[in-house]
Amino acid sequence: MNLHLSHDIGVWIAALLTLGIFSFLYRDNPVYKFCEHLFVGVSAGYYVVLTMISSVYPNLFQPMFTSFMKDYHWLLVIPLILGIMLFSRFFPRGDWLSRWPIAFVLGVYPALRITGFGQGDFVEQIHGTILPLWVPGSIGATIGNLLLVAGLVCTLIFFFFSKEHKGALGGTARVGIYFLMVSFGASYGYTVMARVSLLIGRVMFLLDDWLGALKF
Amino acid sequence: MKREIPILITLVSGLFMLLAWFVPHPTVRSAYEGLQNWAIVVVGFTYVLGVANLLRINVRQVSRKERDWPYKIVLLAGILVTMAVGFSEGNHYTDVDSRFQWIYRTFYSPMTATMFSLLAFFIASAAFRAFRIRSVEALLLAIAAFILMLGRVPLGAAIHPAIPAAADWLMEIPQNAAKRGILIGAALGVMATGIRVILGLEKTYGGGES
Amino acid sequence: MSFLAGLRYMDRRWIFLGVGLLVLLPLLFSFHIAPVQPSNRARGFYDAIEKVPEGSVVLLPGDYDPGTAAENYPMHLAAARQLMRRNMKIIALALYPAGPPLTDQVLRIAGAEYHKTEGVDYVNLGYKVGNELVMSQMGQSIPKTFPVDNRGIPVNKIPVMKGIQNFQQIRLIVNVSAGYPGTKEWVQQVVSRYHVPMVAGVTAVSAPEYYPYLQAGQLHGLLGGMAGAAEYEILVGAPGLATRGMDAQSLAHLFIAFMIILGNLAFLAGSKKGNGR
């Protein structure tokens, strides 16, 4: 095995921080705690810089300060005031002011989600379930479509809690549970794949970028 | 008035956003676009608020020498140095050779990735210690999980071609049916909750006492 | 107490060691357990891009950060390569704060391979806070949502952005996503409303929930996790990090499946002997 160690100080720092975080697997220790707090600090600082330079400055300050009277840019004073009002949370007597900008955001987002979920997840998904229950010449497609429709109906019946799950309703709900269990098992399998992939990514960094030992 | 004004703001902004979605008139569209820009700006300020709060809490913990206070100094240094470097570089903060990008490549990126990669170990440990097959439902879950875990990697096809075919069928038919049921149910829930929030019937966000 | 029953009290750090070794050794020693076979979903993703006329404008949102880069970065890079090979005009953006540098890297690497110029053939609009609100506002005006690109250059001065107003000028959305905001929001806010064709490369954790979108025709292709990225790399003709990681992935999956069986056998052995806790 040939090693070609990196000469980049940044790669060495990154590798040592990676190993420091992995040390948690043995047990909690000061090195891990140091890495963890450093991570939180750098992340927070990064988020603030990104948000201010990429969003707040070009969408608020730049149009306000360069063309205040054009295109209704003077109205941007309102979101500026709302944004400043958020910081009233730091003052116990004035923290009620912070509810105004929160209320504004809480009006905008649900409205967007109602239409998004309504069309994207409700209408289109029902549309996608309207399938031929007999496909001439393809028994596989016929069975598949029948199972898809039956599975959906049984799952939806399981989530109907306004009536006790007894008799025919209970039996159908039970079938719905079986479909749900298959779905959860599939999700578990995919979750395992996801977690392992992330570890593979880190090991590749250590072996390739740091030690230069990875073979392709 | 402290309660009524936020509810009124939510009602007006929410109803306008809902109705404007259906109205193609240019004036309404222009106002719709403007309102969304305002919301982007306000959400940006919430990020800044979050970090300001983090600073406030940790400065207090350091000044009172609470538990793990030396590590809080590391946290504060991380925030302040990153912010100072980022803001000092202005628009050049995205340049490949900028100091801000060096901080991203050296600290943020590897630590984020490593934190997430720890989960691989814990999922293996949980598979051994907590995955108990004690019922028909659990057995179904386990069988589906085994088929997927083997079917989605090349090893499954090497063992037998039926394994990836079974994984594909499982994902396209029974899994799809159940997930669609969850999607439709969740969509109904989101729509109902959204209407309740806009109408001020959900008081958890600050309509009550702070 | 039998060995099997005693396993219930095994220190979990032995399991950690097992996972670590089964990931490390295949990468260190190149096992080549089995070749990667592209699935129908990966082919759908690839074919959807191939069907778009050359030179069209394509939106490439890279909604992920370093936490999921092991899964998303290979598919993002492969997508950029295929798009540039087909001379598409790429408008890239990120809805995760830590996404823009990854998008920059992808565009720089693929751009160098296919001799593409930033600003002329592609642009990175960078990050914008707001999640699905950004998508909705882009439907009204992309230049007003992103007045400047990732470098602070006004978009009205960028050649590739000329004539781009909203989604009507976009022929395809190639979304690489880690979760929220991501594929689901693009489908809800953009595909459902403006009927722009879309393909998605997502993390394995979120892949199962997008199968209904694929079946309903809201997505034309879906890549799930590192395995999906590996399949796509093979189709694009550039096997890379994802393909390389599949051996380790195979062994780790086998190990975890074995752990589930062993854990249940240990539990049964302990219960039978009356040693249950």
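For the subset of region A:114-155 comprising residues that are closer than 16 Å to A:F179 by Cβ and at the interface with chain B (Cβ under 7 Å from one of its Cβ atoms), which member is nearest to the chain's Cα centre (by Cα)?
Only one residue tops the list, namely A:Q125.
Any chance you could count how many residues in region C:116-166 are farther than 25 Å from B:A39 by Cα and small (G, A, S)?
Qualifying residue count, region C:116-166: 2.
For region C:159-178, give me each residue that is closer than 16 Å to C:V196 by Cα, in contact with a helix residue (DSSP H, G or I) (Cβ under 9 Å, 6 or more places away or on another chain) and in a loop (DSSP other than H, G, I, E, B).
Of everything in region C:159-178, those that are closer than 16 Å to C:V196 by Cα, in contact with a helix residue (DSSP H, G or I) (Cβ under 9 Å, 6 or more places away or on another chain) and in a loop (DSSP other than H, G, I, E, B) turn out to be C:I164, C:Q165, C:N166, C:I170.
Quick one: A:A111 ticks every box in (1) crowded, with 22+ Cβ neighbours inside 10 Å; (2) aliphatic (A, V, I, L, M); (3) more than 7 Å from every other protein chain (Cβ to nearest Cβ) bar one, so which box is it?
The single condition A:A111 does not satisfy is (3).
Go through region B:11-65 residue by residue and tally those that are more than 8 Å from every other protein chain (Cβ to nearest Cβ) and of a type in the set (D, E, K, R).
3
Checking C:L223 against (1) outside any helix (DSSP H, G or I); (2) more than 30 Å from C:L24 (Cα to Cα), which single condition isn't satisfied?
Going through the list (1) outside any helix (DSSP H, G or I); (2) more than 30 Å from C:L24 (Cα to Cα), C:L223 breaks only (2).
Does region C:127-137 include one or more residues that are part of a helix (DSSP H, G or I), at negative phi and surrounded by fewer than 23 Cβ atoms within 10 Å (Cβ to Cβ)?
Yes; the residues of region C:127-137 include at least one that is part of a helix (DSSP H, G or I), at negative phi and surrounded by fewer than 23 Cβ atoms within 10 Å (Cβ to Cβ).
Among the listed residues B:A127, B:A84, identify the single one that is within 13 Å of A:A44 (Cα to Cα), more than 7 Å from chain A (Cβ to nearest Cβ), part of a helix (DSSP H, G or I) and small (G, A, S).
Sole residue among the options that is within 13 Å of A:A44 (Cα to Cα), more than 7 Å from chain A (Cβ to nearest Cβ), part of a helix (DSSP H, G or I) and small (G, A, S): B:A84.
Going by what's in this entry, would C:Q189 be described as within 7 Å of chain A (Cβ to nearest Cβ), in contact with a Ser or Thr (Cβ under 8 Å, 6 or more places away or on another chain), surrounded by 24 or more Cβ atoms within 10 Å (Cβ to Cβ) and not in a helix (DSSP H, G or I)?
When the stated conditions are applied, C:Q189 does not pass them.
Would you tally the residues in region B:159-190 being at the interface with chain A (Cβ under 7 Å from one of its Cβ atoms), among the hydrophobic types (A, V, I, L, M, F, W, C) and within 24 Å of C:A252 (Cα to Cα)?
Of the residues in that region, 2 qualify.
Quick one: which residue in B:V81, B:V96 is of a type in the set (A, V, I, L, M) and over 23 Å from A:W210 (Cα atoms)?
B:V81
Out of the residues in region A:9-53 that are hydroxyl-bearing (S, T, Y) and more than 9 Å from chain B (Cβ to nearest Cβ), state the one that is surrounded by the fewest Cβ atoms within 10 Å (Cβ to Cβ).
The qualifying residue surrounded by the fewest Cβ atoms within 10 Å (Cβ to Cβ) is A:Y26.
Would you point out the residue of region C:1-25, among those that are small (G, A, S) and loosely packed, with under 15 Cβ neighbours inside 10 Å, that is nearest to the other protein chains (Cβ to nearest Cβ)?
Out of the qualifying residues, it is C:G6.
Could you please tell me which pairs satisfy a Cβ distance under 6 Å, a separation of 6+ or placement on different chains, a first residue in region C:163-183 that is of a type in the set (D, E, K, R), and a second residue that is not in a strand (DSSP E or B)?
Partner pairs satisfying both residue conditions: C:R171/C:V52; C:R171/C:S56.
Looking only at region C:203-227, count every residue that is in contact (Cβ under 8 Å) with a residue 40 or more places away in the chain, farther than 17 Å from C:V52 by Cα and in contact with a helix residue (DSSP H, G or I) (Cβ under 6 Å, 6 or more places away or on another chain) and tell me the total.
6
Return the residues of region C:26-43 that are in a helix (DSSP H, G or I) and either buried (at least 17 other Cβ atoms within 10 Å of the Cβ) or without any contact (Cβ under 8 Å) to a residue 24 or more places away in the chain (or both); say none if nothing qualifies.
Those that are in a helix (DSSP H, G or I) and either buried (at least 17 other Cβ atoms within 10 Å of the Cβ) or without any contact (Cβ under 8 Å) to a residue 24 or more places away in the chain (or both): C:P26, C:L27, C:L28, C:F29, C:N40, C:R41, C:A42.
Applying the selection to region B:130-142, what residues are more than 7 Å from every other protein chain (Cβ to nearest Cβ) and either over 28 Å from the mean Cα position of the chain (by Cα) or surrounded by 22 or more Cβ atoms within 10 Å (Cβ to Cβ) (or both)?
B:R134, B:S135, B:V136, B:A138, B:L139 - these are the residues of region B:130-142 that are more than 7 Å from every other protein chain (Cβ to nearest Cβ) and either over 28 Å from the mean Cα position of the chain (by Cα) or surrounded by 22 or more Cβ atoms within 10 Å (Cβ to Cβ) (or both).
Please determine, by comparing only the residues of region C:234-267 that are within 30 Å of B:L139 (Cβ to Cβ) and small (G, A, S), which one is surrounded by the fewest Cβ atoms within 10 Å (Cβ to Cβ).
This residue is C:A257.
The rows are residues; the columns are (1) of a type in the set (S, T, Y); (2) crowded, with 24+ Cβ neighbours inside 10 Å; (3) at the interface with chain A (Cβ under 7 Å from one of its Cβ atoms); (4) more than 30 Å from A:L131 (Cβ to Cβ).
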{"position": "B:T106", "(1), (2), (3), (4)": "yes, no, yes, yes"}
{"position": "B:P110", "(1), (2), (3), (4)": "no, yes, yes, yes"}
{"position": "B:A145", "(1), (2), (3), (4)": "no, yes, yes, no"}
{"position": "B:V153", "(1), (2), (3), (4)": "no, yes, no, yes"}
{"position": "B:A157", "(1), (2), (3), (4)": "no, no, no, no"}
{"position": "B:A192", "(1), (2), (3), (4)": "no, no, no, no"}
{"position": "B:R196", "(1), (2), (3), (4)": "no, no, no, yes"}
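Scan region C:57-71 and tell me whether some residue there is polar (S, T, N, Q) and closer than 23 Å to C:P100 by Cβ.
Yes, the conditions are met somewhere in region C:57-71.
Whether any residue in region C:140-155 is surrounded by fewer than 24 Cβ atoms within 10 Å (Cβ to Cβ), more than 13 Å from every other protein chain (Cβ to nearest Cβ) and more than 29 Å from B:R99 (Cβ to Cβ) is what I want to check.
Taking every residue of region C:140-155 in turn, none turns out to be surrounded by fewer than 24 Cβ atoms within 10 Å (Cβ to Cβ), more than 13 Å from every other protein chain (Cβ to nearest Cβ) and more than 29 Å from B:R99 (Cβ to Cβ).
Just so you know, all these numbers are worked out from the coordinates, no wet-lab data involved. Note that the structure is a prediction, hence the values are computed from the model and not measured. Don't worry about glycine lacking a Cβ; one is built from the backbone with ideal geometry, like all the others, and counts go over all protein chains shown.
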